[in-house]
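Chemist: The structure is given below, and queries will be raised subsequently.
The values are calculated or read from the model by the stated rules, or taken from the named source; none is laboratory data. As the structure is a prediction and not an experimental result, all values here were calculated from the model. When we count neighbours, we look across all protein chains shown, and the Cβ atoms used for this are built from the backbone with ideal geometry, even at glycine.
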2 protein chains.
Amino acid sequence: MTQHTSRHYEQELETLKEKILLLGGKVEEMIASAMKSLLSRDPGLARRVIASDREVDSGELEIDHLCLSLLALRQPAASDLRFIATALKIVTDLERIGDLAVNIAERSIELSEEPPLKPYIDIPRMASAATGMVKEALDAFVKREPRLAIEVLQADSAVDQLNVQLFRELLTYMIEEPKNVSRALRITFIAKYLERVADHATNIAQMVIFMCEGRDVRHPGLRIADAAPEK
Amino acid sequence: MTQHTSRHYEQELETLKEKILLLGGKVEEMIASAMKSLLSRDPGLARRVIASDREVDSGELEIDHLCLSLLALRQPAASDLRFIATALKIVTDLERIGDLAVNIAERSIELSEEPPLKPYIDIPRMASAATGMVKEALDAFVKREPRLAIEVLQADSAVDQLNVQLFRELLTYMIEEPKNVSRALRITFIAKYLERVADHATNIAQMVIFMCEGRDVRHPGLRIADAAPEK
């Protein structure tokens, strides 16, 4: 590789990082706006979140395309190869977080058509914890820093905990009063969507650790050596 | 590439296909067993489904490893590169279908501890439609056959339809009788898991079409040309 192409290659890797951070920022913002539309009962904002999903889709496509072209033209070895393969996987998680923001916005529109059931307390906490995890997982990815990724894994149980707590509370609402059922169900679904955002962040973090260490934290106890072809 | 290494390379691509089909068969079987445990109220079978998730995890790891080694050592060009990049993404979907089978098995154990709420009619239909979609999407992938993938996309709305229908029915159960709420909710969740299995099949099918045609059916209206870097 000449010095010139090598500099160009480095630039393309930088572009890949930037695009992934941009897409991550975009989906975090979509979750935040969907939550804002829920709290302020603003269906117009929810509809803007739904419309903005198209930008995420084109961002995903762009990144896939850049990864394929890096793989085809630069033939990266070892750690860069892992980085690009991980980028290909991460971008799918980001796109699905965008879809979850759309799902939250849809439930927010439905809920804005009925009287409020109860003040939202745990849901905004779940949202900020989950988007914080996404941010940190992407940070771990671009810095190739497994310690940051491990912190993301540790944060996941707090989100699960909030979800369980909220689920119990909403179950009580549903059992006490049949006319609460449909609203409480919609809020339950929003909590599930946020739990899945946190799960995507966890998946990204696990892939980052695997990328950095060649060790599979996705499935503790497994090593690459365990994954030998069947005898 | 010598004739010898070229033959070896072809064999490795065949192995990749076989491993993906095997993993696909494994997760389809997990969904089927989780459903069987639900219908026959067999928590022992559900626990075996949960335990078998470890095999899916090691299968995923194996396939990732094989893809990385094909990318590093064989430097595939054009269509094989797309094929391997798609394999990297597909395997993540398969692993998550395995997780959804585990989720169904967990709800099945909980439901086996309470008296039956109602006979299951739509849920087994959803399960067989969703796993059929997974099978067909993987078939489209290994055969590199976009027409098969398009059929998968068309099947998705039937599963969504069943889910909406079931959701309405369960909502009625919950509203009529508070003591039904927790069981009806668990069944609602199982329907959602199956809907997500179908969504994963849809994702796989979309990636296959993109792989074969370089056209993005994931996001209709978008072309690779649209995904040019920002000005």
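Chemist: Give B:PRO116, B:PRO76 a once-over and let me know the one that is within 13 Å of another protein chain (Cβ to nearest Cβ) and not in a helix (DSSP H, G or I). It would help to see each step written out before you state the result.
Modeler: Details: B:PRO116 fails: within 13 Å of another protein chain (Cβ to nearest Cβ).
The unique qualifying residue is B:PRO76.
Chemist: Go through the residues of the range B:217-231 one by one and say whether even a single one is at pLDDT below 95, of a type in the set (Lys, Arg) and touching a Leu at 6+ places or on another chain (Cβ under 9 Å).
Modeler: Scanning the range B:217-231 turns up at least one residue that is at pLDDT below 95, of a type in the set (Lys, Arg) and touching a Leu at 6+ places or on another chain (Cβ under 9 Å).
Chemist: Further question: B:GLU62: facing chain A (nearest Cβ under 10 Å) and not aromatic (Phe, Trp, Tyr), yes or no?
Modeler: Considered against the rule, which asks whether it is facing chain A (nearest Cβ under 10 Å) and not aromatic (Phe, Trp, Tyr), B:GLU62 comes out as yes.
Chemist: If I ask for residues that are crowded, with 16+ Cβ neighbours inside 10 Å and touching a Leu at 6+ places or on another chain (Cβ under 9 Å), which ones from the range B:103-124 would you list?
Modeler: Once the filter is applied, which keeps residues that are crowded, with 16+ Cβ neighbours inside 10 Å and touching a Leu at 6+ places or on another chain (Cβ under 9 Å), the range B:103-124 yields B:ILE104, B:ALA105, B:ARG107, B:SER108, B:LEU111, B:SER112, B:LEU117, B:TYR120, B:ASP122, B:ILE123.
Chemist: For B:LEU71, state whether it is within 11 Å of chain A (Cβ to nearest Cβ), in a helix (DSSP H, G or I) and touching a residue at least 24 places away in the same chain (Cβ under 8 Å).
Modeler: Working: within 11 Å of chain A (Cβ to nearest Cβ): yes; in a helix (DSSP H, G or I): yes; touching a residue at least 24 places away in the same chain (Cβ under 8 Å): no.
It is false that B:LEU71 is within 11 Å of chain A (Cβ to nearest Cβ), in a helix (DSSP H, G or I) and touching a residue at least 24 places away in the same chain (Cβ under 8 Å).
Chemist: Here are some conditions: (1) out of contact with any Ser or Thr (no Cβ under 8 Å at 6 or more places or on another chain); (2) within 11 Å of another protein chain (Cβ to nearest Cβ); (3) surrounded by 20 or more Cβ atoms within 10 Å (Cβ to Cβ); (4) closer than 20 Å to A:GLU106 by Cβ. A:LEU194 meets all but one. Which one does it not meet?
Modeler: Condition not satisfied by A:LEU194: (2).
Chemist: Can you spot a residue in the range A:34-45 that is at pLDDT 95 or above and either closer than 22 Å to A:ASP139 by Cβ or at the interface with chain B (Cβ under 9 Å from one of its Cβ atoms) (or both)?
Modeler: Yes; the residues of the range A:34-45 include at least one that is at pLDDT 95 or above and either closer than 22 Å to A:ASP139 by Cβ or at the interface with chain B (Cβ under 9 Å from one of its Cβ atoms) (or both).
Chemist: Say we look at the range A:51-81 and pick out the residues that are of a type in the set (D, E, K, R) and surrounded by fewer than 22 Cβ atoms within 10 Å (Cβ to Cβ); which of these is farthest from the chain's Cα centre (by Cα)?
Modeler: A:ARG74
Chemist: To continue, here is another question. Can we say A:LYS89 is touching a Ser or Thr at 6+ places or on another chain (Cβ under 8 Å) and farther than 16 Å from A:SER33 by Cα?
Modeler: yes
Chemist: Does B:THR172 fit the bill of being within 13 Å of chain A (Cβ to nearest Cβ), under 18 Å from B:ASN203 (Cα atoms) and without any contact (Cβ under 8 Å) to a residue 40 or more places away in the chain?
Modeler: It is false that B:THR172 is within 13 Å of chain A (Cβ to nearest Cβ), under 18 Å from B:ASN203 (Cα atoms) and without any contact (Cβ under 8 Å) to a residue 40 or more places away in the chain.
Chemist: Condition (residue is within 13 Å of chain B (Cβ to nearest Cβ), over 13 Å from the mean Cα position of the chain (by Cα), surrounded by fewer than 22 Cβ atoms within 10 Å (Cβ to Cβ) and under 22 Å from A:THR202 (Cβ atoms)) applied to the range A:90-100: is it met by at least one residue?
Modeler: Scanning the range A:90-100 turns up no residue that is within 13 Å of chain B (Cβ to nearest Cβ), over 13 Å from the mean Cα position of the chain (by Cα), surrounded by fewer than 22 Cβ atoms within 10 Å (Cβ to Cβ) and under 22 Å from A:THR202 (Cβ atoms).
Chemist: Please verify whether A:LEU148 is surrounded by 21 or more Cβ atoms within 10 Å (Cβ to Cβ), assigned to a helix (DSSP H, G or I), of a type in the set (A, V, I, L, M) and at negative phi, treating the condition exactly as stated.
Modeler: Considered against the rule, which asks whether it is surrounded by 21 or more Cβ atoms within 10 Å (Cβ to Cβ), assigned to a helix (DSSP H, G or I), of a type in the set (A, V, I, L, M) and at negative phi, A:LEU148 comes out as no.
Chemist: Within the group A:VAL102, A:VAL91, which residue is touching a residue at least 24 places away in the same chain (Cβ under 8 Å), more than 22 Å from A:GLU213 (Cβ to Cβ), of a type in the set (A, V, I, L, M) and in a helix (DSSP H, G or I)?
Modeler: None of the others qualify; the one that does is A:VAL102.
Chemist: Moving on. Mind checking which pairs have a first residue in the range B:194-214 that is under 19 Å from A:VAL91 (Cα atoms) and touching a residue at least 12 places away in the same chain (Cβ under 8 Å) and a second that is among the polar types (S, T, N, Q) and assigned to a helix (DSSP H, G or I), Cβ under 7 Å, 6 or more apart or different chains?
Modeler: B:MET207/B:THR86; B:VAL208/B:THR86; B:MET211/B:THR86
Chemist: Yes or no: the range A:134-151 includes at least one residue that is within 30 Å of A:ILE63 (Cβ to Cβ), within 14 Å of chain B (Cβ to nearest Cβ) and aromatic (Phe, Trp, Tyr).
Modeler: Checked against the condition, which is being within 30 Å of A:ILE63 (Cβ to Cβ), within 14 Å of chain B (Cβ to nearest Cβ) and aromatic (Phe, Trp, Tyr), the range A:134-151 yields no hits at all.
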